[in-house]
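Remarks on the structure that follows.
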Amino acid sequence: MAQHERLIIIGSGPAGYTAALYASRASLKPLLVEGLQPGGQLTITSEVENYPGFVEPILGPELMERMKAQAERFGTRYELGEVTRVDLSRKPFQLWMDDRLLTADAVIIATGASAKWLDIPSEKRYQGRGVSACATCDGFFFRGVEVAVVGGGDTAMEEANFLTKFATRVHLVHRRDELRASKIMQERTLRNPKVQLQLSSTIDEILGDGKAVTGVRLLSTKDGSKRELPVKGVFMGIGHEPNTRIFKGQLEMNDVGYLVVKAPSTYTSVPGVFAAGDVSDPSYRQAVSAAGTGCMAAIDAERWLGEHATETWD
């Protein structure tokens, strides 16, 4: 027998937990499937200084625990695990957690996006201690020091330009001998005297003292030579990948895989399915904007369920 729910929220983080808060306060009794990383990307963020209402920095995992507890207080139920397959072509919607079937009258997708990393051991070792995938989130901590940004596209240009507000120098590390960013972004970046190009180079290793980043070892893609570059921070600017694999072919997406919503709402291409947070946001990717769309998705779902309360599902 399938377990039926009126509303299922897929994914946690600021979007999922805020959606759960608003949905539970609206007496929708939501079930939230947290995913394999409850709390999302903020759980690998050390200090959060830009979330409204917190004068002092708060640890990312603590902020997520507070959001989770707040929604739980109003009746949200949680399932630790991952939705591995969905069928959104019929109602009630069908969702599987491996072999277990859940059905729902409405679904909010808040599965987020994952930053692309270099996949080297030292990168994981220094995440939150000098290695970051969000200049907007962490740039402030690198005031007065030199940092490196990895990438050659528009994302890397944006990260590098933003970091020049704080860092004394930003080294832009790119594996090719020319940048692939749009012309206007390249011009804007190269005009900045604080940006120094490190072309035809990849990061072979991130160096540190066990507590924080102290530099990077660069590997030449032309001759294989290695050299060290002293920096205090390393930022990934090689893009993000939305966690939408299980929705392909069922929901409208852009060419990268972000879910398309009908602005100014959170409606996806399937009525009764809503999207919130980074999974449908390639532009901002901030905790506060994710929380805002989580609120919107819950309100949209509440109104949609109210309008379709008398429908008989197949």
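The values are calculated or read from the model by the stated rules, or taken from the named source; none is laboratory data. Since this is a predicted model, take the numbers as computed values, not measurements. As a convention, Cβ positions derive from the backbone with ideal geometry for all residues, glycine included, and neighbour counts pool all protein chains shown.
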Inset, instruction - Could you give me the residue pairs with C-beta distances under 7 Å whose first residue belongs to segment 294-309 and is assigned by TED's automatic domain parsing to the domain that holds residue 263 and among the hydrophobic types (A, V, I, L, M, F, W, C), whose second residue is surrounded by 14 or more Cβ atoms within 10 Å (Cβ to Cβ) and part of a helix (DSSP H, G or I) wherever it lies, and which are 6+ apart or on separate chains? - result: 295/18; 295/22; 297/19; 298/19; 298/22; 298/23; 299/22; 301/23
Legend entry - segment 156-171, residues that are surrounded by fewer than 24 Cβ atoms within 10 Å (Cβ to Cβ) and in contact (Cβ under 8 Å) with a residue 60 or more places away in the chain: 158, 171
Inset, instruction - Quickly run through segment 35-71 and pick out the residues that are farther than 15 Å from residue 138 by Cα, touching a Ser or Thr at 6+ places or on another chain (Cβ under 8 Å) and among the polar types (S, T, N, Q). - result: 37
Legend entry - Residue that is surrounded by fewer than 22 Cβ atoms within 10 Å (Cβ to Cβ) and without any contact (Cβ under 8 Å) to a residue 40 or more places away in the chain, where the choices are 123, 146, 56, 82: 56
Inset, instruction - Examine segment 36-53 for a residue that is of a type outside the set (A, V, I, L, M), modelled with pLDDT of 95 or more and surrounded by 19 or more Cβ atoms within 10 Å (Cβ to Cβ), and state whether such a residue exists. - result: no
Inset, instruction - Report yes if residue 110 is touching a Phe, Trp or Tyr at 6+ places or on another chain (Cβ under 6 Å), outside the structural domain of residue 139 (by TED's automatic domain parsing) and not aromatic (Phe, Trp, Tyr), otherwise no. - result: no
Legend entry - Answer residue from segment 220-251, given it is outside the structural domain of residue 162 (by TED's automatic domain parsing) and surrounded by fewer than 12 Cβ atoms within 10 Å (Cβ to Cβ) and is farthest from residue 207 (Cα to Cα) among those: 249
Inset, instruction - Out of 205, 158, 178, 187, report the one residue that is in the same structural domain as residue 141 (by TED's automatic domain parsing) and assigned to a strand (DSSP E or B). - result: 205
Inset, instruction - Look through segment 208-253, keep the residues that are of a type in the set (Asp, Glu) and part of a strand (DSSP E or B), and return whichever of them is farthest from residue 279 (Cα to Cα). - result: 228
Legend entry - Verdict on residue 289 being without any contact (Cβ under 8 Å) to a residue 60 or more places away in the chain, closer than 20 Å to residue 41 by Cβ, part of a helix (DSSP H, G or I) and out of contact with any Cys (no Cβ under 7 Å at 6 or more places or on another chain): yes
Inset, instruction - Quick one: count up the residues across segment 258-286 that are touching a Pro at 6+ places or on another chain (Cβ under 8 Å) and not in a helix (DSSP H, G or I). - result: 3
